[in-house]
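Chemist: First, the structure itself, so that you have it in front of you.
Coordinate-derived values only; no laboratory data. Since we're looking at a predicted model, the values are computed, not measured. Cβ coordinates were reconstructed from backbone atoms using ideal geometry, including for glycine residues, and neighbour counts include every protein chain displayed.
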Amino acid sequence: MIFVTIGTHEQPFNRLIQEVDGLVESGLIKERVFIQRGIKSMIPRNCGSAELIPYQEMVEKIKNARIVITHGGPSSILQSLTFGKTPIVVPRQSRFREHVDDHQVHFTKRLEAQKKVIAVYDIEILLEKIEHYEEICNELGIPKISPNGINQLIENLDFYCASVKLI
């Protein structure tokens, strides 16, 4: 199963939902997909979805997923890493009116440089990342992160707060 989570931010993230839904519709993704689509986002026609799901259900979906695809929110990324999943991260971008600024892009780039995530800035390459997920993880040498490793990662995220501009 592929689990997609776009968090709870009030701006829709239809770009990601449309891409995943279209890949399922065209048969390019053959496995089951569930999307936690957040508020105000479109409802996919070809994937299971819910606006919001309870925390424990989110945990179970992450644990049981072969791949987790997430927006660039720190909580969603760290939750995936906590359960040993290397997430494919599609950060929300201000140019698409998905967020007020590009802090998710900056955060994702930092984690990508540390080989903690697989980043997708151009939605057109999402399928490639899904199809080659295991190879990419192996090539990058992305390690499974232990709970202690998560604590260390969180301690090293001071840059994140500094990168967010107040509007």
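Chemist: Taking the number of other C-beta atoms within 10 Å as the exposure measure, put Tyr121, Tyr133, Tyr55 in order starting with the fewest. All intermediate terms of the calculation are to be shown ahead of the outcome.
Modeler: Working: Tyr121 14, Tyr133 17, Tyr55 8.
Least to most surrounded, the residues fall as Tyr55, Tyr121, Tyr133.
Chemist: Which ordering of Ile2, Ile69, Ile39 is given by a fewest-first count of other beta-carbon atoms within 10 Å? Could the numbers behind the result be given before it?
Modeler: Numbers: Ile2 22, Ile69 27, Ile39 13.
Fewest-to-most ranking of Ile2, Ile69, Ile39: Ile39, Ile2, Ile69.
Chemist: Return Leu140, Leu127 ranked ascending by Cβ neighbour count within 10 Å, so the fewest neighbours appear first.
Modeler: Details: Leu140 14, Leu127 17.
By the 10 Å Cβ count, ascending, the order reads Leu140, Leu127.
Chemist: Just flag the trypsin sites (Lys or Arg not before Pro) in the stretch 8-107 sitting in loop per DSSP whose Cβ has no more than 13 other Cβ atoms within 10 Å. Kindly include the intermediate steps, with their values, before the conclusion.
Modeler: Working: sites: Arg15, Lys30, Arg32, Arg37, Lys40, Arg45, Lys61, Lys63, Arg66, Lys85, Arg92, Arg95, Arg97; in loops: Lys30, Arg32, Arg37, Lys40, Arg45, Arg66, Lys85, Arg92, Arg97.
Counting only loop positions with at most 13 other Cβ atoms within 10 Å, the trypsin sites (Lys or Arg not before Pro) in the stretch 8-107 are Lys30, Arg32, Lys40, Arg45, Arg66, Arg97.
Chemist: Please list, by residue number, every one of the GluC sites (Glu not before Pro) in the stretch 1-99 that is coil in DSSP and has at most 15 other beta-carbon atoms within 10 Å. Provide the component values of the computation, followed by the final result.
Modeler: Details: sites: Glu10, Glu19, Glu25, Glu31, Glu51, Glu57, Glu60, Glu98; in loops: Glu10, Glu31, Glu51, Glu98.
Qualifying residues, ordered by number: Glu10, Glu31, Glu51.
Chemist: Separate question: Which of Lys30/Lys109; Lys85/Lys115; Lys40/Lys85 have a Cα-Cα distance over 23 Å? Could the numbers behind the result be given before it?
Modeler: Working: Lys30/Lys109 29 Å; Lys85/Lys115 13 Å; Lys40/Lys85 27 Å.
Going by Cα-Cα distance, Lys30/Lys109; Lys40/Lys85 fall outside the 23 Å limit.
Chemist: Mind checking the dipole of the stretch 2-163: about its Cα centre, +1 per Lys or Arg Cβ, -1 per Asp or Glu Cβ, Debye to the nearest 20? Present the calculation step by step, with values, prior to reporting the outcome.
Modeler: Working: 19 positive and 21 negative charges, 48 e Å.
Using only the charged Cβ atoms, the result is roughly 220 debye.
Chemist: Using only Cα positions of the stretch 2-163, each an equal point scatterer, no hydration layer, compute I(q)/I(0) via Debye at q = 0.10, 0.13, 0.14 Å⁻¹ and quote the log10 values to two decimals.
Modeler: Results for the stretch 2-163 at q = 0.10, 0.13, 0.14 Å⁻¹ read -0.33, -0.57, -0.66.
Chemist: For the stretch 2-163, with the dipole built from +1 on Lys and Arg beta-carbon atoms and -1 on Asp and Glu ones, taken about the Cα centre, which of Val120, Gln11, Ala50 lies farthest toward the positive end?
Modeler: Ala50
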